[in-house]
Amino acid sequence: MLFLLLTGAGIFYLLQHVIYKKYWKTGLDIAVDFESHSAYEGDTSYLREEITNDKRLPLPALEVNLAMDRSLLFSGEAKENANVTDQSYRRDIFSLFTRQKVIRRLPFLCEKRGYYEITNADVIGYDFFFRNSYHQSQTLKTALYVYPGLVDSRRITLLCKAVSGMIVTQNRLFPDPFCFSGIRDYHPSDPMHTINWKASAKGQGLLVNQSDSTTSIRMRIILDTEDSGILRQEELTEEGIRIAASLSSRIVRERMELTVTGNGMNTICLKEGAGQIQTLFQELSRISIRKPVKRLTEELKGEREHLQSDIIYVIVSKNQDSETVRGVASMAEKGSRILWVIPLRSSAEYTAGIIKGVNIFKWEMNAS
């Protein structure tokens, strides 16, 4: 009797091994996706795992191994099966009955700006006795844009006032969207975005925000991401990208014409009324600050060949070396209206001095 039991167990073991080896991945579907395809620095987002066993053969244990950039940090209970080294690795174990689907949502913190992809998963299946394993590489295609974090709106307002100070004139031809001067009754010719809904709710009619006046505004932001010094200043470069993103968002919201360019990105044009801010943010997300780029002076040399008197040039650069200062000054000598925004750790780091025709805006990091 014992012999028969042992023989039967041996046959069962061999039979189940053959069956699992041949059919373990039949009807097996591994889907891994970022639930949202965009987020901002500091946001919490979710990775969705959907494992389907669409066959009659159960899977006692299925191991799914994923790797994604270490700047995306699993949080909460999702940290338990995660390990961070050169990347953020995750190992999940599933047990699936016949015709079963399992869904998990894994929270993670978007620690840094960037463009992130998950392209494959290593899948390992086990037989009934957990003695034999079967491997498969699953191709995945999911991506996430982590946009630059937006800085304090109050600081952007100060920057906008600096821009307004450069363009306010006595002609009073066009409204300056940055300069609020009061509230008045609504006229049929007023655009809808100027309506002050909060003030209107308190009265018996529509009221609109009234602004000071300037000439027509066109702006061109030139973003410098060159960081080739002996001591890298990545935090200042990243702050410059945040400034460009935040200022652009404000300008587009006010329906002004804007172009954003730089030595580490493609040129993005955002005309009045065009909802292209997402395209810009995606481009800013893709900037690699460790990739060698041409110097800002080369970028400015090309700008000088096509200067336009009706454009406000906003240069965002942490670099204050003599070559950069001469490049910025040469644009001002051509009569351009220039605002140079310089990210700094503290005001003591400012060394560019006074540049004729150039408005300097010292942007201290973490200042309130």
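Full extension of the chain between residue 322 and residue 228 yields a length gain of 32.4 nm, computed as 0.36 nm times the residue separation minus the alpha carbon distance. To test your reading of the geometry: what angle, between 0 and 90 degrees and rounded to tens, separates the Cα axis of helix 153-167 from the longest principal axis of the chain? Computed tilt is about 40 degrees. With R₀ fixed at 41 Å, the C-beta to C-beta distance from residue 367 to residue 308 puts the FRET efficiency at about 0.80.
When the Gaussian network model of the chain links Cα atoms closer than 10 Å, the mean-square fluctuations of 54, 224, 69 top out at 54.
Of the listed values (1) 19, 23, 18, 18, 13, 6, 2, 1, 0, 0; (2) 27, 56, 16, 1; (3) 23, 39, 24, 10, 3, 0, identify the label whose number matches P(r) over Cα pairs in 20 Å bins from 0, in percent calculated from this model. Here P(r) over Cα pairs in 20 Å bins from 0, in percent agrees with entry (3). What percent antiparallel are the DSSP beta bridges of the chain, to the nearest 5? Roughly 70 percent of the beta bridges in the chain run antiparallel, per DSSP.
Remark: the residue 3-residue 35 segment gains 6.0 nm on full extension, using 0.36 nm per residue and subtracting the alpha carbon distance.
At full extension, residue 115 and residue 12 could sit 32.1 nm farther apart than now, given 0.36 nm per residue minus the alpha carbon distance. Please find, in a Gaussian network model of the chain (springs between Cα atoms separated by less than 10 Å), the residue of 55, 79, 22 whose mean-square fluctuation is greatest. In the Gaussian network model the winner is 22. FRET efficiency for the residue 333 to residue 87 pair, using the beta carbon distance and R₀ = 51 Å, is estimated at 0.55. Treating r as the C-beta distance of residue 360 and residue 255 and R0 as 30 Å, the FRET efficiency rounds to 0.60.
Gaussian network model of the chain, Cα springs within a sub-10 Å range: biggest mean-square fluctuation belongs to which of 225, 142, 237? So, out of 225, 142, 237, the one fluctuating most is 142. Using Cβ point charges alone (K and R +1, D and E -1), the dipole size of the chain about the Cα centre works out to roughly 420 debye.
Read-outs throughout are calculated quantities, based only on the coordinates presented, and are distinct from any laboratory measurement. Predicted model only: the values in this text are computed from it and were never measured. Because the Cβ atoms are built from the backbone with ideal geometry, glycine has one as well, and the counts that use them run over all protein chains shown.
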